[in-house]
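Novice: Quick one: this structure, given as structure tokens, is what I'll be asking you about.
The values are calculated or read from the model by the stated rules, or taken from the named source; none is laboratory data. Predicted model only: the values in this text are computed from it and were never measured. Virtual Cβ from ideal backbone geometry, glycine too; neighbours counted across all protein chains shown. Heavy atoms of the whole protein, side chains included, go into the accessibility calculation; ligands, DNA and RNA do not. Shrake-Rupley method; radii C 1.70, N 1.55, O 1.52, S 1.80 Å.
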Amino acid sequence: MEHEFTPLECLLPTGNLTFCLLILNQPLDKGYFHLLWSKAVLRACADGGANHLYHITEGNHESFLPDYISGDFDSISREVRQYYKLKGCELLETPDQDFTDFTKCIQILQKKIEERGLQIDMIVTLGGLGGRFDQVMASVETLFHATNITPTPVIVIQECSLIYLLQPGKHKLYVNTGLESEWCGLIPVGNPCDNVTTTGLKWNLKNPV
């Protein structure tokens, strides 16, 4: 079975994707934040992600209230936590340290998707690719965990980067939105990728590599 996917379709004003938005504890890019927020059917913050949401929406906080905020709450500021609590946002404390706040947030998100009977095309995550390298790798790890949590594709976007986990099989990625740059990377993580063939790239890989 061939999996077809347009990673940046969520950033098209005319796109028809149904998606959820998850905000991590990283600086937000105003360039596409408002578009994603306006089109998302569910919006969540993982712990300190609420701080960044609060700051980027200064002067208009009440128009940008997340459906829930989850995490061990070691990053969210007291002021921000109190504000969203008073506004009726759901605050879900998840003290389990075996998983990252990102992973736990996806677990909650999937439950809410199922409870509401939503048909979701994509989970869009903002943040997770800047700052400390161990946190970047934790974002990659979460993409692996996500395959056992939700059937929905999860992408992570920050600044000029987007990451997406390709499962074994055949994939067709469309890069015709006009938003793409001229480069991409294929990175094996966790295990060797012994059978990889690509087409459409400047330097294609041919099976076996």
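Novice: Taking a probe of 1.4 Å, how large is the accessible area per residue of the chain, in Å²?
Specialist: Using a 1.4 Å probe on heavy atoms only, each residue of the chain averages 58 Å².
Novice: Okay, moving on. What dipole magnitude, in Debye to the nearest 20, does the chain give about its Cα centre under +1 on Lys/Arg Cβ and -1 on Asp/Glu Cβ?
Specialist: Dipole size: approximately 340 debye.
Novice: Which angle from 0 to 90°, rounded to the nearest 10, does the C-alpha axis of helix 30-39 make with the longest principal axis of the chain?
Specialist: Around 80 degrees separate the two axes.
Novice: For Leu35, project a label point 7 Å along Cα to C-beta. Then give me every residue of the stretch 148-166 with its amide nitrogen under 15 Å of that point.
Specialist: 157-162
Novice: Testing the spin-label approximation: label points 7 Å from Cα along Cα→Cβ at His61 and Tyr83. State their distance in nm.
Specialist: The modelled label-to-label distance comes out at 0.4 nm.
Novice: Here's a follow-up. Which residues make up the longest stretch of the chain clear of chymotrypsin sites (Phe, Trp or Tyr not before Pro) that lie in a DSSP loop with no more than 11 other Cβ atoms within 10 Å, not counting the sites?
Specialist: It works out to 1-182.
Novice: So what is the calculated 222 nm ellipticity per residue for the chain, using -39500 (n - 2.57) for each DSSP H run with n of 4 or more, over all residues, to the nearest 500 deg cm²/dmol?
Specialist: Rounded to the nearest 500, the figure is -8500 deg cm²/dmol.
Novice: Taking the Cα centre of each part, how many Å lie between the stretch 55-87 and the stretch 140-209?
Specialist: 32
Novice: Same structure again: If one takes the longest principal axis of the Cα atoms in the chain, at what angle in degrees, from 0 to 90 and to the nearest 10, does the Cα axis of helix 101-116 lie?
Specialist: 80
Novice: For Cα Rg over 2.2 N^0.38 Å, several values are listed as (1) 1.55; (2) 1.05; (3) 1.17; flag the one computed from this structure.
Specialist: For Cα Rg over 2.2 N^0.38 Å, the calculated option is (2).
Novice: Taking the Cβ of Leu166 as the center, what net charge do the other residues with Cβ under 14 Å away carry, scoring Lys and Arg +1 and Asp and Glu -1?
Specialist: 0
Novice: So which GluC sites (Glu not before Pro) in the stretch 38-120 pass both tests, a DSSP loop state and at most 13 other Cβ atoms within 10 Å of the Cβ?
Specialist: Here the GluC sites (Glu not before Pro) that fit, given the DSSP loop and packing criteria, are Glu58.
Novice: Kindly work out what percent of the DSSP beta bridges joining two residues of the chain are antiparallel, to the nearest 5.
Specialist: Just about 15 percent of them are antiparallel.
Novice: Moving on. According to the square roots a ≥ b ≥ c of the eigenvalues of the Cα gyration tensor, what is the shape class of the stretch 9-116, taking rounded for a/c under 1.5, prolate for a/b larger than b/c otherwise, and oblate for the remainder?
Specialist: Oblate, since a/c reaches 1.5 and b/c is not below a/b.
Novice: Between Asn25, Asn51, Asn148, where does the largest GNM mean-square fluctuation fall for the chain, given springs only between Cα atoms within less than 10 Å?
Specialist: Fluctuation is largest for Asn148.
Novice: So, R0 is 25 Å and r is the distance between the beta-carbons of Phe5 and Ser75; what FRET efficiency does that work out to, to 0.05?
Specialist: 0.20
Novice: Pick from Gly15, Gly117, Gly49 the residue whose mean-square fluctuation is largest in a GNM of the chain, springs joining Cα atoms under 10 Å.
Specialist: Between Gly15, Gly117, Gly49, it is Gly117 that shows the largest mean-square fluctuation.
Novice: Further question on the same structure: State to the nearest 20 debye the size of the charge dipole of the stretch 71-124 about its Cα centre, where the only charges are +1 on K and R beta carbons and -1 on D and E beta carbons.
Specialist: 300
Novice: In addition: Report the longest stretch of the chain that contains none of the trypsin sites (Lys or Arg not before Pro) sitting in a DSSP loop with at most 11 other Cβ atoms within 10 Å.
Specialist: Between the exposed loop sites, the longest stretch runs 1-86.
Novice: For a quick check, take a GNM of the chain with Cα springs below 10 Å and name the residue from Cys160, Cys89, Cys20 with the largest mean-square fluctuation.
Specialist: Result for the chain, Cα springs under 10 Å: Cys160 fluctuates most.
Novice: Using unit Cβ charges (K, R positive; D, E negative) and no other charged atoms, how large, in debye to the nearest 20, is the dipole of the stretch 126-209 about its Cα centre?
Specialist: Dipole of the stretch 126-209, to the nearest 20 debye: 260 debye.
Novice: Separate question: Assuming a ≥ b ≥ c are the square roots of the Cα gyration tensor eigenvalues, decide whether the stretch 91-209 counts as rounded (a/c under 1.5), prolate (otherwise, with a/b larger than b/c) or oblate.
Specialist: prolate
Novice: Exceeding 25 Å between C-alpha atoms, which entries from my cross-link table qualify? They are Lys30/Lys172; Lys172/Lys202; Lys85/Lys111; Lys112/Lys172.
Specialist: Table pairs above 25 Å Cα-Cα are Lys30/Lys172; Lys112/Lys172.
Novice: Taking square-rooted eigenvalues a ≥ b ≥ c of the alpha carbon gyration tensor, is the stretch 148-209 rounded, prolate or oblate, where a/c under 1.5 means rounded and, failing that, a/b exceeding b/c means prolate?
Specialist: It comes out oblate by the Cα gyration axes.
Novice: Shifting gears a bit: Which of the listed residues, Pro95, Cys105, Tyr68, is farthest toward the dipole's positive end in the stretch 67-114, when Lys, Arg count +1 and Asp, Glu count -1 at the beta-carbon?
Specialist: It is Tyr68.
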